[in-house]
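There's a structure below that I have some questions on.
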Amino acid sequence: MTSKGGGTALSRRSYRLTSDTEKPKVTGIVNDRLLSDYLHHVFPNGDVKLSAATFRKPLNFQNLSDHLDRLLQEVCVEDDKDQNAEYRLGPATVVLDHTSGFEGLLLVDDDLLGVVGHSNFSSIRATTCVYKGKWIYEVLISSQGLMQIGWCTLNCRFNQEEGVGDTPDSYAYDGNRVRKWNVTTTNYGKSWAAGDIVSCLIDLDEGKISFCLNSINLGVAFDNIKLGPGMAYFPAISLSFKESVAFNFGSRPLRYPVEGYHPLQDPPTVDLLKAHKLLGYVKNIIRTDIDTQEGKLLEKDGSTWQVHGEPTVLITLAHVFNHFSPLMCKVYLVEDVLMNFLLHILEGGGAVEEHPLIQQLLDLMWLLMEDYEVHECLKQLMMSLLRAYRFSPIIPDLGFQIHYLRLTIAVLRHEKSR
């Protein structure tokens, strides 16, 4: 289903968006020229820069859908995505292999990304391996006990005494004992704690493995890993009883990306570009006022924007949300696009109630999206805020944690979203 307002009549509170099929007399809202100028301002053509409005095709609510479709079709994906996929084997959606790629007793979360050790020393690997190129994944440390995190091949055999790093073709970092493991062990890295993020990097062009702790590079841990036919490496972990972590192979934005290294799971590039483009249109609407008396457009401070029920603005927003709503049900897009936008609104400081724009945007979501879409979007938003709060560096003023709490409070202040 599409979002409300994408071609159906809608009545919510005192607002009513008329469908395209009813063909409203738009000159009763604003005159044809001003409406066209407004729509061209909100939805600028990204490829052709025309200085004179007379060379632009007039826009109205009857042809806006086609215009918006053309703008979104301009979004394309660069060729390097397919090149990276050539060096990877396994499902495109990367999760933990809970069917065959484990040893010992483990509790695996429903999303197949979180795991808790439930025996002496349990091991599990991911469903996807890599054999060429430079790759990265992240591990969110929920407990600081005995764990060995790194990479292994399909031929590695583990038991409840030996895990990742204890066999010839497996390599691991152990932040509990501050060591690295590959059959033998030596001192390496720094001690980790609950709330830390470990980045696991493998360079299969140079044969090197390295690790980062909260973005701090710990240096090359191994520089002579085996390469060649039959050698492909899986993300893997061994952990003792009740230790727990969560993996991010790329289903969410990496907290600490490293230049030149690719997440094992490709980001939803097309949807991501579309979402950013659509959010840009929303920002244009927020920052633009229509002066019907003078017949011109005015730039304004978007932070104080209010939904007053103007038909022109609401119908324009309905066209945007028709495309935007389905994207906001995906965790990657909620975290990268929506959450960052809302956090940016609060960056100016001040009390949460001094930022009415967030309340207005939540009103719009309930007005222009299906209820199930809003529920899923808000669920993903709150889960992303919880992860960000829990796995952010702790500094003396707790600045990161306060930032995420402020947005959480702002959402909870909205009665229908609470």
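Looking at E299, E335, which is the one that is out of contact with any Phe, Trp or Tyr (no Cβ under 7 Å at 6 or more places or on another chain), charged (D, E, K, R), assigned by TED's automatic domain parsing to the domain that holds L385 and without any contact (Cβ under 8 Å) to a residue 60 or more places away in the chain?
Working: E335 fails: without any contact (Cβ under 8 Å) to a residue 60 or more places away in the chain.
Matching residue, one of E299, E335: E299.
Turning to a different aspect of this structure: Can you tell me which residue in the stretch 190-212 is surrounded by the most Cβ atoms within 10 Å (Cβ to Cβ), limited to those that are more than 21 Å from R125 (Cβ to Cβ) and out of contact with any Phe, Trp or Tyr (no Cβ under 6 Å at 6 or more places or on another chain)? Write out each step before concluding.
First pass over the stretch 190-212, keeping only residues more than 21 Å from R125 (Cβ to Cβ): 190-191, 193-196, 205-206.
With the extra rule that they be out of contact with any Phe, Trp or Tyr (no Cβ under 6 Å at 6 or more places or on another chain), the set shrinks to 190-191, 193-194, 196, 205-206.
Working: K190: 14, S191: 12, A193: 14, A194: 14, D196: 18, D205: 11, E206: 12.
Among them, the one singled out is D196.
Filter the stretch 365-418 for residues that are in a loop (DSSP other than H, G, I, E, B) and out of contact with any helix residue (DSSP H, G or I) (no Cβ under 8 Å at 6 or more places or on another chain); which is surrounded by the most Cβ atoms within 10 Å (Cβ to Cβ)?
Pass one, the stretch 365-418, residues in a loop (DSSP other than H, G, I, E, B): 369-370, 391-398, 413-418.
Still in the list and also out of contact with any helix residue (DSSP H, G or I) (no Cβ under 8 Å at 6 or more places or on another chain): 391, 395-398, 415.
Numbers: F391: 20, I395: 9, P396: 5, D397: 7, L398: 11, E415: 8.
If we take residues in the stretch 365-418 being in a loop (DSSP other than H, G, I, E, B) and out of contact with any helix residue (DSSP H, G or I) (no Cβ under 8 Å at 6 or more places or on another chain), then F391 is surrounded by the most Cβ atoms within 10 Å (Cβ to Cβ).
Of the residues in the stretch 191-231, how many are outside any strand (DSSP E or B), within 30 Å of the chain's Cα centre (by Cα) and farther than 20 Å from L264 by Cα?
6
If V313 satisfies every condition in (1) touching a residue at least 40 places away in the same chain (Cβ under 8 Å); (2) in contact with a helix residue (DSSP H, G or I) (Cβ under 8 Å, 6 or more places away or on another chain); (3) β-branched (V, I, T) but one, which is the exception?
Of everything listed in (1) touching a residue at least 40 places away in the same chain (Cβ under 8 Å); (2) in contact with a helix residue (DSSP H, G or I) (Cβ under 8 Å, 6 or more places away or on another chain); (3) β-branched (V, I, T), V313 misses just condition (1).
Further question on the same structure: Being under 30 Å from G250 (Cβ atoms), surrounded by 11 or more Cβ atoms within 10 Å (Cβ to Cβ) and at pLDDT 90 or above, is that true of even one residue in the stretch 53-68? Break it down stepwise before answering.
Let us first name the residues in the stretch 53-68 that are under 30 Å from G250 (Cβ atoms), namely 68.
Then keep just the ones that are surrounded by 11 or more Cβ atoms within 10 Å (Cβ to Cβ); that gives 68.
Checking which are at pLDDT 90 or above leaves us with 68.
Yes.
Does H355 count as modelled with pLDDT under 95 and farther than 17 Å from L378 by Cβ? Break it down into steps so the answer makes sense when it comes.
On the way: modelled with pLDDT under 95: yes; farther than 17 Å from L378 by Cβ: yes.
So H355 passes the test.
Right, next: Does E259 meet the test of being surrounded by 18 or more Cβ atoms within 10 Å (Cβ to Cβ), assigned by TED's automatic domain parsing to the domain that holds Y188 and out of contact with any Pro (no Cβ under 9 Å at 6 or more places or on another chain)?
Values: surrounded by 18 or more Cβ atoms within 10 Å (Cβ to Cβ): no; assigned by TED's automatic domain parsing to the domain that holds Y188: yes; out of contact with any Pro (no Cβ under 9 Å at 6 or more places or on another chain): yes.
Answer is no for this residue.
What pairs can you find where one residue is in the stretch 177-191 and on the phi > 0 side of the Ramachandran plot, the other is part of a strand (DSSP E or B) and surrounded by 15 or more Cβ atoms within 10 Å (Cβ to Cβ), and their Cβ atoms are less than 6 Å apart, with a gap of 6+ or different chains?
Between residues of the stretch 177-191 that are on the phi > 0 side of the Ramachandran plot and residues that are part of a strand (DSSP E or B) and surrounded by 15 or more Cβ atoms within 10 Å (Cβ to Cβ), the close pairs are G189/Y173; G189/L218.
Quick check, is L362 hydrophobic (A, V, I, L, M, F, W, C) and either surrounded by fewer than 20 Cβ atoms within 10 Å (Cβ to Cβ) or over 20 Å from the mean Cα position of the chain (by Cα) (or both)? Before you say what the answer is, go through the steps one by one.
Details: hydrophobic (A, V, I, L, M, F, W, C): yes; either surrounded by fewer than 20 Cβ atoms within 10 Å (Cβ to Cβ) or over 20 Å from the mean Cα position of the chain (by Cα) (or both): no.
No.
Among Q144, Q148, Q160, which is buried (at least 23 other Cβ atoms within 10 Å of the Cβ) and not β-branched (V, I, T)? Walk me through it before giving the result.
Working: Q144 fails: buried (at least 23 other Cβ atoms within 10 Å of the Cβ); Q160 fails: buried (at least 23 other Cβ atoms within 10 Å of the Cβ).
Going through Q144, Q148, Q160 in turn, just one is buried (at least 23 other Cβ atoms within 10 Å of the Cβ) and not β-branched (V, I, T): Q148.
If you don't mind, another one. For the stretch 241-290, give me the residue count where each residue is of a type in the set (K, R), modelled with pLDDT of 95 or more and touching a Gly at 6+ places or on another chain (Cβ under 9 Å).
Start the filter on the stretch 241-290 by keeping residues that are of a type in the set (K, R), which leaves 242, 252, 255, 274, 277, 283, 287.
This time we only want the ones that are modelled with pLDDT of 95 or more, so: 252, 255, 274, 277.
After this cut, where a residue has to be touching a Gly at 6+ places or on another chain (Cβ under 9 Å) as well, the list is 277.
Residues in the stretch 241-290 being of a type in the set (K, R), modelled with pLDDT of 95 or more and touching a Gly at 6+ places or on another chain (Cβ under 9 Å): 1 in total.
Further, regarding this structure: Being within 26 Å of A92 (Cβ to Cβ), in the same structural domain as G104 (by TED's automatic domain parsing), in contact (Cβ under 8 Å) with a residue 12 or more places away in the chain and more than 28 Å from the chain's Cα centre (by Cα), is that true of even one residue in the stretch 134-153?
Taking the stretch 134-153 first, the residues within 26 Å of A92 (Cβ to Cβ) are 134-140, 149-153.
When the remaining residues are screened for being in the same structural domain as G104 (by TED's automatic domain parsing), the result is 134-140, 149-153.
If we keep only those that are in contact (Cβ under 8 Å) with a residue 12 or more places away in the chain as well, we get 134-140, 149-153.
This time we only want the ones that are more than 28 Å from the chain's Cα centre (by Cα), so: 153.
Yes, the conditions are met somewhere in the stretch 134-153.
Take I216 and tell me if it is loosely packed, with under 14 Cβ neighbours inside 10 Å, among the hydrophobic types (A, V, I, L, M, F, W, C), touching a residue at least 24 places away in the same chain (Cβ under 8 Å) and over 25 Å from K330 (Cα atoms). Let's see the steps before the verdict.
On the way: loosely packed, with under 14 Cβ neighbours inside 10 Å: yes; among the hydrophobic types (A, V, I, L, M, F, W, C): yes; touching a residue at least 24 places away in the same chain (Cβ under 8 Å): yes; over 25 Å from K330 (Cα atoms): yes.
Taking the combined requirement at face value, the residue satisfies it.
The values are calculated or read from the model by the stated rules, or taken from the named source; none is laboratory data. Not measured: the values here are computed from a predicted model. For neighbour counting, all protein chains shown are included, and Cβ atoms are generated from backbone atoms with ideal geometry for every residue, glycine included.
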